[in-house]
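Data first, discussion second: the structure below is written as structure tokens.
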Amino acid sequence: MAVLIRSMSLFCLLLALAACGGGGGGGGDDAVDRPQARASADTLEVNAGEGTVQLDGGASTSPNGDIITWEWRFLSRPEGSEATLNGADTDQASFTPDLPGTYVIRLVVNDGTAGSGDTSASRVTITALNPNPLAVVPDEINWILGTVQLDGSRSLPPDGGDASQLVYDWTLTRKPEGSAAELDDGSQIYPRFTADEVGLYQARLVVRYGDKVSQPDTVDINIVEANAIPVARIQAPTDVTRGDTVELDGSGSEDADGDSLQYRWRFIQSLPRGSNAQLSSTTSAQTRFVADSAYGTGRYNVELCVFDGVSRNCTSSRIEAAPADGQANTAPVAVINPGNGATFEAERGAEVTVSSGAYDVDGDALAHTWEMVAHPSGYDPDGANGLEPGSYCSATYCPATFTPTVDGNYRVRLTVSDGEADASTEATFTARLGANRAPSARAAIAGGTPTTLVGNPITLDGEGSSDPDDNRLSYQWTLVQRPDNSQTQLQRANTAFPALTPDRAGAYVVALMVTDEHGATSNYVPGNSLYEVTVLAKTENNAPITRIYKATAGIADYENHANPGPQHPHYDAAQPFVITNQWLEGDRNEFRADQFKLEADSTDPDGDTLSHLWTLVSAPAGNRMQVNGSSGMDGVFGDNTCVEAWTPVSEETWQAFRERIEAYTEWPCSKPALSPTEPGVYVFEYQVYDGSEFAGPFTATVHAVERANYPTLLMEVPSKNLAAEPSSVDVQTFFSAYHRQCVWCLARLPLERSGNRSATFPVHRLRR
């Protein structure tokens with residue numbers, strides 16, 4: 001053992017010596033005199049975005065001969081800066097500081113033998129000042145045809161200024177030949193335009209702060225073709241009789257980009273009763289099936305979806321099989337469907353409806369006869385509770401009813417006749433108190449977004465499934481469709497929350513069935529969104545684009561008291577939101593008159609479904625966001641996806657419900673309408689998710705004051721209640737962006753009422 005330790009110690013020593021050059025012997029840069037880099041600049045202070053700094057390394061020296069390489073590099077620069085060094089491989093470099101702050105640049109020179117060290121002489125520090133507002137835009141935008149959003153949010157006010165006071169002035173300065181693109185609103189931080197031609201667009205931004213104006217900043221927008229969504233088409237015969245082979249052709253589907261297509265065929269809804277039809281292929285351009293039933297109208301609903309590698313499109317066709325003439329008669333088939341609770345258990349003392357599932361594949365009309373053939377002792381089958389045909393019978397439907405008055409088994413017989421042949425069947429209904437009823441499946445995607453990127457796991461959600469008897473449920477998810485060459489399998493397929501990790505681009509269709517502890521199973525209808533979900537996986541994604549507003553519920557047509565289009569106040573310290581705590585009442589709703597709406601104008605270039613989330617990240621102590629609505633809860637908090645609904649039959653009282661939702665600080669919708677109770681500053685964040693990428697968080701700040709403490713000039717207009725009658729409630733309105741920049745206009749506004757710190761104007765006069 002001692003020998004082993006000694007050997008290992010010697011090995012470690014050899015490694016250590018090798019690492020440090022054998023203890024001081026040989027070579028390397030330390031044995032050679034290094035060149036000396038000396039960096040200088042023509043100025044050490046410059047205005048950000050306006051001045052160019054010239055760097056000079058010509059004073060650098062070398063004891064080994066001429067310097068042969070030069071390398072200028074940033075050691076540090078302000079966060080978010082995209083400044084670049086021009087001539088970084090020469091002795092004379094330059095750059096333009098794009099953001100205020102400190103820029104540290106180092107020069108490294110090499111004479112072919114060694115490189116210079118890092119010394120104070122090799123560094124230069126430049127301070128970028130900001131005496132004027134600074135327009136800041138991205139260097140470049142690469143996007144696809146469609147909606148393009150510009151971004152001026154990184155623009156800065158002068159040193160010590162308030163960014164909320166910046167005024168934006170965008171101009172679309174270049175566009176491809178033939179383009180009709182125009183900015184929707186050049187005064188916004190995030191204006192948009194529709195790129196209608198492929199090519200180069202250019203936009204310029206100037207920002208103003210009081211009487212100070214920035215230098216313009218320009219962004220190039222490179223627009224390329226967007227993926228064309230394929231078009232699914234089915235060619236199907238129009239005249240079909242039972243027994244025919246139905247040829248379906250999807251080869252007329254097309255993709256404008258010429259992309260190859262994947263095909264997915266299936267029957268959706270339900271096949272005609274008695275049909276065992278199967279598609280010959282579910283993945284080729286053509287398929288066929290035998291129309292083996294003319295029951296009812298013999299409806300076969302066929303769906304075709306096509307996928308081009310990026311986008312998916314589906315269509316469907318209904319084929320009706322008519323009865324065939326001259327064929328030998330086929331006997332009908334008698335079937336008794338489960339009862340009221342979709343099971344063969346019946347509640348003692350409650351009327352039971354038993355219905356016929358009988359069918360005749362020839363399409364013949366059926367006559368139905370019902371009989372009670374067995375029942376428990378004590379039950380009177382001939383009395384008022386006996387089995388009676390329903391008041392309505394058709395050629396395909398004929399229910400009957402009875403009321404089991406004692407526990408036990410009730411055996412019912414159904415006989416059907418097509419005029420040539422008869423068929424009978426029997427079913428037993430078991431009556432007891434607390435009869436079991438079938439559960440209901442509800443399939444969903446956790447988070448609600450049906451798109452994702454290949455390789456990203458996605459969680460499915462069956463927790464919305466329910467059982468009317470509160471029985472424990474078991475879950476069974478099935479992968480119905482997946483893309484070509486996919487080997488993906490569901491994980492935890494027998495739980496409420498299985499996982500799916502797509503391995504190929506395309507659609508993954510997953511179905512859910514639930515079973516209660518008594519064996520009753522939920523229904524499943526292919527193509528029904530209650531029972532299945534479709535996940536679309538893709539290899540590339542364009543993130544959603546968003547801009548947010550703070551809108552008011554003020555009045556636009558002041559003279560006629562009409563409901564407004566959205567106003568977009570700043571709700572800043574100069575014109576804050578005013579808390580009046582006034583309420584309006586209508587036939588079935590009540591709401592705070594003083595409310596503001598946070599609006600997210602979000603769109604997705606790929607057409608993906610978006611999930612929204614507003615979060616209150618900072619608020620005055622004691623605040624509660626009060627409810628805008630009452631029993632029906634329509635439009636609560638701006639739209640009915642913000643909070644769940646309360647109804648008079650709810651187990652939770654209205655007051656308890658109200659207290660609970662007033663404590664919310666998150667709203668999963670795009671437009672929450674909120675009524676704060678406390679004055680102060682409210683900070684909100686908004687994020688949007690397309691299933692692959694988040695956009696945000698975007699921040700919105702709302703300053704709120706009580707009416708008596710309004711700091712400047714308060715403008716209000718009369719409102720109306722839900723019954724459209726004028727009310728004494730006044731609704732806050734605002735100066736336009738024009739008036740905010742035009743102080744002299746205030747002298748032109750006729751004063752109606754004034755106080756110590758507030759004034760109210762008859763706003764309808766502003767329109768003249």
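Computed from the coordinates by the stated procedures, all read-outs in this text should not be read as laboratory data. This structure is a prediction, so every number in the text was calculated from the model and none was measured. When we count neighbours, we look across all protein chains shown, and the Cβ atoms used for this are built from the backbone with ideal geometry, even at glycine.
Residue ranges 698-704, 595-601 sort as 595-601, 698-704 when ordered by packing (mean number of other C-beta atoms within 10 Å per residue, highest first). Across region 444-538, the mean sequence separation of Cα contacts (distance under 8 Å, 6 or more residues apart), normalised by length, yields a relative contact order of 34 percent. In this calculation the C-beta distance from N523 to C314 is compared with R0 = 30 Å, giving a FRET efficiency of 0.85. For region 443-453, in order, what is each residue's ³J(HN,Hα) by Karplus, 6.51 cos²θ - 1.76 cosθ + 1.60 with θ = phi - 60°, in whole Hz (x at glycine and Pro)? With coefficients 6.51, -1.76 and 1.60, one gets 8, 8, 10, 4, x, x, 9, x, 10, 7, 9 Hz.
For a footprinting-style exposure proxy, rank H368, H570, H518 by other Cβ within 10 Å, fewest first.
By the 10 Å Cβ count, ascending: H518, H570, H368.
Just subtract the alpha-carbon distance of T488 and E79 from 0.36 nm times their residue separation and send over the number in nm, one decimal.
Net length gain for the segment: 143.0 nm.
For region 444-538, rounded, prolate or oblate, judged on the Cα gyration tensor with a ≥ b ≥ c (square roots of eigenvalues), a/c < 1.5 rounded, else prolate if a/b > b/c? The shape class here is prolate.
For region 132-139, putting each phi into the Karplus relation 6.51 cos²θ - 1.76 cosθ + 1.60 with θ = phi - 60° gives couplings of 10, x, 10, 7, 10, 10, x, 4 Hz, in residue order, rounded to whole numbers and with x for Gly and Pro. For region 498-541 versus region 387-415, the inter-centroid distance based on Cα atoms is 36 Å. Please say if region 65-110 is rounded, prolate or oblate, where rounded means a/c under 1.5 for a ≥ b ≥ c the square roots of the C-alpha gyration tensor eigenvalues, and otherwise the choice is prolate for a/b larger than b/c and oblate otherwise? Taking the square roots of the gyration eigenvalues as a ≥ b ≥ c, region 65-110 is prolate.
Taking 7 Å steps out from each Cα toward its Cβ at A621 and S251 produces label points 7.7 nm apart.
Fully extending the segment from Q54 to T501, taken as 0.36 nm per residue of separation minus the present Cα-Cα distance, adds 155.6 nm. Put simply, the amide H of Q54, placed in the peptide plane, has neighbours under 5 Å in D42, T43, leaving out anything fewer than 5 places away on its chain. Say a paramagnetic label sat at a point 7 Å from the Cα of D239, along Cα to Cβ; which residues of region 299-329 have their backbone N under 13 Å from it? Backbone N within reach: 322, 325. Listed by chain and number, the aspartates and glutamates whose alpha-carbon sits under 18 Å from that of K538, ignoring those within fewer than 8 places in the same chain, are E225, D255, D257, D259, D308, D484, D503, D604, D606, D608, D690, E693. Measure off 7 Å from each Cα along the Cα-to-Cβ vector at T653 and V231, then give the distance between these two points in nanometres to one decimal. That separation, rounded to one decimal, is 6.1 nm. Taking 25 Å as the straight-line reach from the Cα of K597, the lysines in range (excluding those fewer than 8 positions away in the same chain) are K550, K671, K720. Fully extending the segment from A574 to T425, taken as 0.36 nm per residue of separation minus the present Cα-Cα distance, adds 45.6 nm.
Taking θ as phi - 60° and the Karplus parameters 6.51, -1.76 and 1.60, the scalar couplings of region 495-511 work out to 10, 6, 10, x, 10, 9, 10, x, 10, 9, 5, x, 9, 10, 9, 10, 10 Hz in sequence order, x denoting glycine and proline. Computed from the C-beta positions of N581 and R660, the FRET efficiency with R₀ = 30 Å rounds to 0.90. When each of the peptides 469-478, 287-296 is scored by the mean number of other C-beta atoms lying within 10 Å of its residues, the order from highest to lowest reads 287-296, 469-478.
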